[in-house]
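Worksheet: the structure to be examined is printed underneath.
The values are calculated or read from the model by the stated rules, or taken from the named source; none is laboratory data. The model shown is predicted, which means the values in this text are computed figures rather than measured ones. Neighbour counts are summed over all protein chains in view; Cβ atoms, including those assigned to glycine, are modelled from backbone coordinates with ideal geometry. Side chains are part of the model used for accessible areas, which takes the heavy atoms of the whole protein and leaves out ligands, DNA and RNA. Shrake-Rupley method; radii C 1.70, N 1.55, O 1.52, S 1.80 Å.
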Amino acid sequence: LLASSCSQNDSPSAPEATAPETAAPDSAPAPDTLAMADTAATADLTYSGIPFGPYGLYATVTGFEANAGPFTGSIENSFANSIVQRIAAARQQRHRIVLAMTGGSNEYITGGKFDLGKWKARMNTFNTATIKKAVADAVADGTVVGNKLIDEPETPKWGGVLTKPMLDGMASYVKNMFPTLPVGVAYGTRGYQWRTNEVYRVVDWTLSQYMWIVTKGNVTAWRDAVLSRARADGVTPVFSLNLLDGGWKDDVG
């Protein structure tokens, strides 16, 4: 998946931004009145190519934002009371999604540090037979591409307690509920440099976000560094572009 995002706010000399993601706020989507059909995998459903799209393409549980036509995929904050409907809608729309069951919200912080108990409590809301079947079917037919564990673990907002072994433990927690679901982590532009003395054992993929203002435009060198780190970590690399907040900040009077 190549997903655009506006969650970063880097400057050439500043560390990764600590603000929560703004592209897909961690709040429940607007309700829908559209009744969705059976969520079981469609026998003749096929997908091809690399999914391409933004964070938060859905305006409601089942309906896209305006001008969604060119996009074939998106990363979506997910909620237990609507995830089955969302998956069914995506399947009918031939749209591929990366779920974010636990998003990137500050609700998992206690005393300035990441609180694993709070994160697990949110994850537990998805632990139902209906949701498990919907996710398993969607992974099997290609509608669901993966699930994002957390946003930008490398940033100071998590209080410095996150490690790759801890994220592996979180990945195992998800896989105990959803054994076939690929799970991953979303980095900012420099995230691939985070804790290079450790490697992942359970996490399946890492998303890295390109920002011109951080790399000075050298996208080839950045890409090669991300690919090299992914090989060392034993994960599949996912690429993202920051289209809204990744360029030079012009002074406008």
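Please compare each pair in 120/164; 133/157; 118/157; 120/157 to a cut-off of 25 Å on the Cα-Cα distance and tell me which ones are over it. In this structure, 133/157 exceed 25 Å between Cα atoms. Accessible surface ranking for 119, 194, 1.4 angstrom probe, highest first: 194, 119. Between region 88-118 and region 46-85, what is the C-alpha centre distance in whole Å? What the calculation gives is 14 Å, centre to centre. Remark: region 138-253 carries a charge dipole of roughly 280 debye about the Cα centre, counting +1 on each Lys and Arg Cβ and -1 on each Asp and Glu Cβ.
Annotation: residue 61 carries an accessible surface of approximately 10 Å², with a 1.4 Å probe and no ligand, DNA or RNA atoms counted.
Between residue 198 and residue 244, full extension at 0.36 nm per residue minus the direct alpha carbon distance yields a gain of 13.4 nm. Ordered by 1.4 Å accessible area with all protein chains kept, 143, 180 run largest first as 180, 143. Expressed as a whole percent, the proportion of Cα-Cα pairs in region 70-226 lying more than 26 Å apart is 30%.
Towards the positive end of the charge dipole of region 65-184, with charges on Cβ (+1 Lys, Arg; -1 Asp, Glu), say which of 181, 74, 160 has the farthest Cα. Working it through, the farthest residue towards the positive pole turns out to be 181. Relative to the current alpha-carbon distance between residue 172 and residue 118, full extension at 0.36 nm per residue lengthens the span by 17.8 nm.
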